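What follows is one structure encoded as structure tokens, with my remarks underneath.
The values are calculated or read from the model by the stated rules, or taken from the named source; none is laboratory data. This structure is a prediction, so every number in the text was calculated from the model and none was measured. A quick note on method: Cβ atoms are made from the backbone with ideal geometry, for glycine too, and the neighbour counts reach across all protein chains shown.
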Amino acid sequence: MAIHVAIVEDQKQIREGLKAMVDSSPDLFCAGVFEDAESLIQNFKHLDVHVILMDIGLPGQSGIDCVEKLKEIRPEVHFLMCTNLDDDDKIYDALCAGATGYVLKNIPRADLTEAIRQIHGGGSPMSPSVARKIVNAFSGKRKQSKLVNALTDREKEVLSLLDKGYPYKVIAEEIGTGIEGVRFHIRNIYEKLQVHSRGEALNKIYPRVLI
């Protein structure tokens, strides 16, 4: 049985190239081609599709917002992001929205058709640079956990209040101590995290990571 693939891409040349790629693969069938998220949404309920190649930077609603909306309606449909964007935030947001694969548009066509087969078969295909970002995120998360465990409960509380932007006076009131008590805890936090400022401390413990 052929894998039914839909394409959502606003650039005509790329859109036509993707359709030609699908049409030339004997085990793939093009179920639909759409210029924007809104067109897909209108047809999605009755669309006979297994895998959707989804761009992110679309006119109107973004591909990520579209995935989040449609994944709730038909969770069995797989969304493979196909985009030029490989920054951490976009990868994070797409995976959280429900995408199960993320490849870049410069991927060789043979690799893209294989990615479609992989995602249909239960895999999560990623371009190498995207996969590396995710691996690095796991490593960063582990290091972050070790740093957090080095802090006392009171130091964690102080750091959390700093993250909320509270001034020392408000933090002192929240934890029931004086300004000097807050400064004492902050000095200990800086020493344990090996940082020299509030910004460095917060970035070390609360970075935007992929997982």
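Looking only at helices (runs of 4 or more DSSP H) that fall completely inside the stretch 154-211, which ones have 2 or more residues that are modelled with pLDDT of 90 or more and aliphatic (A, V, I, L, M)?
Working: elements: 168-175, 179-193, 198-205.
Correct list: 168-175, 179-193.
Residue under question is Lys141, and the condition is that it be assigned to a helix (DSSP H, G or I) and modelled with pLDDT under 85; does it hold? Yes, satisfied. Does Val67 meet the test of being more than 14 Å from Ala37 (Cβ to Cβ) and of a type outside the set (Lys, Arg)? Spelling it out, it is not the case that Val67 is more than 14 Å from Ala37 (Cβ to Cβ) and of a type outside the set (Lys, Arg).
Checking Phe79 against (1) at pLDDT below 95; (2) at negative phi, only one condition comes out false. Which one? Looking at each condition in turn, Phe79 falls short on (1). Filtering Ile41, Ile73, Ile7, Ile52 for residues that are within 24 Å of Arg132 (Cα to Cα) and in contact (Cβ under 8 Å) with a residue 12 or more places away in the chain leaves a single hit, Ile52. Screening Ile64, Ile116 for residues that are within 17 Å of the chain's Cα centre (by Cα) and of a type in the set (Val, Ile, Thr) leaves exactly one candidate, Ile64. Selection over the stretch 164-196 of residues that are more than 16 Å from Leu147 (Cα to Cα) and either surrounded by fewer than 17 Cβ atoms within 10 Å (Cβ to Cβ) or free of Cβ contacts under 8 Å to residues at least 24 places away in the same chain (or both) gives a count of 20.
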